[in-house]
1. Contact order normalised by length for segment 1-114, with contacts defined as Cα pairs under 8 Å and 6 or more residues apart; what percent is it?
2. Return the loop-located GluC sites (Glu not before Pro) in segment 54-99 (DSSP other than H, G, I, E, B) with at most 16 other Cβ atoms within 10 Å of their own Cβ; answer none if there are none.
3. Quick check: pseudo-label points 7 Å beyond the Cα along Cα→Cβ at residue 167 and residue 102, how many nm apart are they?
4. State to the nearest 20 debye the size of the charge dipole of segment 61-147 about its Cα centre, where the only charges are +1 on K and R beta carbons and -1 on D and E beta carbons.
Amino acid sequence: MTTFAANAIGLDFLNALGELPGAASRTISDGETFLQWLEDTALVPAEVVESVRKTAERDALETVAADAKALGKWFRTFVEDFKGAPLPPQAIERLGPLNRILERDVQVTHIDVSDGPNGGIAGSGLKWSTARIWRSPDMLLLPVADAMAELVCEEDFSNVRSCEGPECGLLFLDRTRGRVRRWCSMAVCGNRAKRVMRRSSGSR
């Protein structure tokens, strides 16, 4: 079962890459595990994931997984460089790799029947609908790029932190009142730190 504790999917993706000590049990290692992660997060519709599983060549899936990991490695460096303070406007100069992926997007917009209780904004029962065209396996990078872009544009990087566990380092967005979160998970790193403190106090 995939665990999402970062409060931001863009950071959950970095935590899932397995390149931080605390991520060893939740890695994206190949094409199938990348597909599974996309399915678990619901970033890609289940029917799209299943279609890719059935129709894409193995080499194509492995390539997109490798590209996803490369994107994550770049973004982790970006996050580590800027976390803990508001993101400055000049950060745009570092965002070329992300923008190049976002520019691949292909979407169609059409009018559809509203499924809301009020029958659309004007009461007509109609609404705008936008759908992504999943024309090749490499399009699977787009929802990951979207999640990264959302973190960059809509969240305060002052609240991006690393778990203080000495053997962890997983990233998270601190949404607690007073911004006092220290651990990726109290059940894991938080309790481990408490045990260490108790042992240290008992040895004095």
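Read the figures in this text as sums done on the coordinates, not as results from a lab. Values in this document were obtained by computation on a predicted structure and should not be read as measured data. Backbone-built Cβ (ideal geometry, glycine too); neighbour counts: all protein chains shown.
1. Values: 61 pairs, mean separation 23.2, N = 114.
So the answer I get is 20 percent.
2. On the way: sites: 57, 62, 80, 93; in loops: 57.
Here the GluC sites (Glu not before Pro) that fit, given the DSSP loop and packing criteria, are 57.
3. Result for the modelled spin labels: 3.9 nm.
4. Working: 10 positive and 11 negative charges, 21 e Å.
It comes to approximately 100 debye.
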